[in-house]
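No value in this document is a laboratory result; all are computed from the given coordinates. Since we're looking at a predicted model, the values are computed, not measured. Backbone-built Cβ (ideal geometry, glycine too); neighbour counts: all protein chains shown.
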Amino acid sequence: MATPYFTQDNKTPDVSLSSLSKPELVSLHKGLIARIRELENLMQVVSKGKYTWEATFDAISEPVMIVNKEFTVERANLATAKMGGEEITKVVGKKCYQIFAGRETPCEHCPLKTTLANGELAHAKLGNKIHLQDFDAHAYPFPNEKGELRSAVLYYRNVTEELRLRQELIQQEKMAAIGMLAGGVAHEINNPLGGVLAFTQLLLKRVTDAETKEDLNEIEKAAIRCKKIVQELLDFSRVSKEKEKCLVYVNMLLEKVIPFVQMEIRSLNIDVHFDLKPDVPAVMAVPNRLQQVFLNLLTNACHAMPRGGKLTLTTSYHKEAKEVFISVKDSGMGIPKEIQNRIFEPFFTTKDPGKGTGLGLSISYRIIKENGGSIDVDSEMNKGTSFTIRLPAAP
Ligand SMILES: Nc1ncnc2c1ncn2[C@@H]1O[C@H](COP(=O)(O)OP(=O)(O)OP(=O)(O)O)[C@@H](O)[C@H]1O
Ligand SMILES: [Mg+2]
């Protein structure tokens, strides 16, 4: 409420107090009290507004910060502090790239500069090497009261999971397409190939000439190898039927598979260690198909240790997730980082021609997926590789 005793700027009474009469002083006192109440109310509105804005920004689970031309953080929300592993009070004044990525220099492709240069929204994909996550970074122009553009709002959206799902979808679609194609081709080749093999074996019985016999033996060997590949292609494209599935105890199945690779284990001098937890429940799967997965992983592990090593088979049960974990770990050569995302692709192999078709892991991937599970790889060069399978426990 304005009173006549206040100046235009509402600061100091425009009168000498000694010249005022008592009623005037009382009126001035009342006016001052009214002014103080007004200011108190205003302060409350301002502090409520400040709280609402801060709470709004803190409620956003992704990092949001106001950053100036020098990449210095002027304001930030709680998610920013959490990402940088700092207390919120220590974030202001630091460089955005220190907080976001623990870097000493600005991130490559940072959208801040573009926004400050042309006053428009800019956007870029940034990787966070500390948490190994991918972010979509958006920079919005943030002019000050005078309309000068010296800062921008930076907003980071974590897209790691989104990218992983997209990648998985592409992988699944690719597998399905190749599966159909491979299955069709394999089916067509299977019968004539059977004919080649049968006639070769018939001829082998008939001919007596040693040289022809040797040639026929080569044809037979090649035809058998082709049959094996065709069978693998058919396996790859085959989808297990629900009714073929039954309760499978992975501990028992793993022990059953070992004799199949016994020859490699002995000849390569490999130590096999079992760490099979007794409380692992059954999973629903087609036993032969799951056995094939274990066999593929064990064979690969043996091949990765040509000068011997340690093979560890572990199983465990994760109660909360109701998942069975199976891991096949070797102390072999490891898989280079740049090919790790290709090893599940059909026909991807680093083995010499004739030594591998590159179908082992893609078949395994497919079988695990059709059982509602997942298969992941973790590998370090010259230290070893471990494949971890997760399967839902049978209800
Ligand atoms: N345990 C491992 N250690 C090192 N490299 C591995 C391991 N397992 C798989 N790999 C790599 O992944 C590639 C693909 O494996 P995959 O089992 O699909 O095919 P392959 O073993 O080459 O041939 P196939 O299994 O069809 O005979 C291998 O060629 C190899 O480079
Ligand atoms: Mg293999």
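How far is helix 22-59 tilted, in degrees, relative to the longest principal axis of the Cα atoms in the chain, given as a value from 0 to 90 rounded to the nearest 10? Its long axis makes an angle of about 10 degrees. Maximal additional length on extending the ARG166-ALA198 stretch stands at 6.9 nm, based on 0.36 nm per residue less the C-alpha distance. Legend: residue pairs LYS82/LYS125; LYS245/LYS329; LYS129/LYS329; LYS227/LYS355; LYS245/LYS319; LYS227/LYS351, Cα-Cα distance threshold 24 Å; pairs beyond threshold, LYS245/LYS329; LYS129/LYS329. What angle, in degrees between 0 and 90 and rounded to the nearest 10, separates the Cα long axis of helix 210-237 from the longest principal axis of the Cα atoms of the chain? Once rounded, the angle reads 30 degrees. Listed by chain and number, the lysines whose C-alpha is less than 21 Å from the C-alpha of LYS243, apart from same-chain residues fewer than 8 away, are LYS369. Protection proxy ranking of 281-288, 32-39, 313-320, by the mean of other Cβ atoms within 10 Å over each peptide's residues and highest first, is 281-288, 313-320, 32-39.
Multiply the residue separation of LYS50 and LYS228 by 0.36 nm, subtract the distance between their alpha-carbon atoms, and state the gained length in nm to one decimal.
Taking LYS50 through LYS228 to full extension adds about 56.9 nm, to one decimal.
For an R0 of 30 angstrom, estimate the FRET efficiency from the Cβ-Cβ distance between GLU220 and MET180 and round to the nearest 0.05. Once rounded, the FRET efficiency stands at 0.45. Per-residue packing, averaged as other Cβ atoms within 10 Å, sorts the ranges 156-166, 174-184 into the order 174-184, 156-166, beginning with the highest. Rounded, prolate or oblate: pick one for the chain, where a ≥ b ≥ c are the square roots of the eigenvalues of its C-alpha gyration tensor, a/c under 1.5 means rounded, and failing that, prolate if a/b is larger than b/c, else oblate. Note, shape of the chain comes out prolate. Which percentage, to the nearest 5, of the DSSP beta bridges contained in the stretch 215-323 is antiparallel? Approximately 35 percent, going by the DSSP bridge assignments. Based on DSSP H segments of at least four residues, each scored -39500 (n - 2.57), the chain has a per-residue ellipticity at 222 nm of -15000 deg cm²/dmol. With contacts taken as Cα pairs under 8 Å at a separation of at least 6 residues, the stretch 63-158 carries a relative contact order of 26 percent. Note: relative contact order over the chain, using C-alpha pairs below 8 Å and six or more positions apart, is 9 percent.
So what is the relative contact order of the stretch 254-308, in percent, for Cα pairs below 8 Å that sit 6 or more residues apart? Relative contact order, the stretch 254-308: 62 percent. Could you compute the FRET efficiency for LYS113 and LEU276, with r as their C-beta to C-beta distance and R0 at 45 Å, rounded to 0.05? Here the calculated transfer efficiency is 0.20.
Taking the Cα centre of the chain as reference, the dipole from Cβ charges on Lys and Arg (+1) and Asp and Glu (-1) amounts to some 380 debye.
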